[in-house]
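Following: one structure in structure tokens, then a few remarks.
Derivation of every value follows stated rules applied to the coordinates shown; laboratory data play no part. As the structure is a prediction and not an experimental result, all values here were calculated from the model. When we count neighbours, we look across all protein chains shown, and the Cβ atoms used for this are built from the backbone with ideal geometry, even at glycine.
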Amino acid sequence: MNLSAHFDLNPLLNPQSVAIIGASQDTNKLVGRPLLYLLQHKYKGKIYPVNPKYKEISGLPCYSSLANIPGEIDAVIIGLPAEGVLEAVRECAARRVKSVIIFASGFAEIGEKGAELQEELKKLALEAKM
């Protein structure tokens with residue numbers, strides 16, 4: 001299957017808006033780094049931190065879920081434990097997000113259960129054209 005014939009990579013490589021699910025104020029944690037780097041490198045698009053624990057991160061309003069974000073979301077960075085990733089990707093599909101980057105372990109590398117989760121994730125992403 002030629003994926004480039006079916007998927008536009010522009011929302012991933014040149015997004016106009018980025019949501020970060022699991023965003024953290026702690027830049028020493030992996031989930032704190034994407035926001036830090038977007039701000040440090042003066043990303044020009046819209047940035048939406050998503051974490052129900054916070055009202056604000058780095059001066060930006062923090063949303064409790066993707067459903068609460070106004071407007072279109074081109075790319076989502078997911079920084080959650082593996083057991084929360086599938087639901088986050090379902091939320092992305094519901095919002096018609098065009099691209100998703102996942103920072104998580106706990107998939108095929110841990111064995112059969114993780115491989116099943118990974119296949120389910122792949123199927124969902126393909127159905128949603130992510």
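Below is a table of values for the structure above.
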read-out: Student exercise, the chain dipole from Lys, Arg, Asp, Glu Cβ charges, in Debye to nearest 20; value: 520 debye
read-out: Selection of trypsin sites (Lys or Arg not before Pro), the stretch 35-130, meeting DSSP coil and at most 10 other Cβ within 10 Å; value: Lys42, Lys44, Lys55
read-out: Residues Ser105 and Leu9, FRET efficiency given R0 of 25 Å [Cβ-Cβ distance, rounded to 0.05]; value: 0.50
read-out: Ascending count of other beta-carbon atoms within 10 Å, so fewest first, for Ile20, Ile102, Ile110; value: Ile110, Ile102, Ile20
read-out: Modelled FRET efficiency - R0 25 Å, Lys44 with Leu86, Cβ distances, 0.05 increments; value: 0.20
read-out: For the chain, built as a Gaussian network whose Cα springs stay under 10 Å, the top-fluctuating residue of Leu66, Leu12, Leu30; value: Leu30
read-out: Percent of beta bridges antiparallel (DSSP, the stretch 14-127, rounded to nearest 5); value: 10 percent
read-out: R0 of 30 Å, Cβ-Cβ distance Glu56-Lys123: FRET efficiency to nearest 0.05; value: 0.25
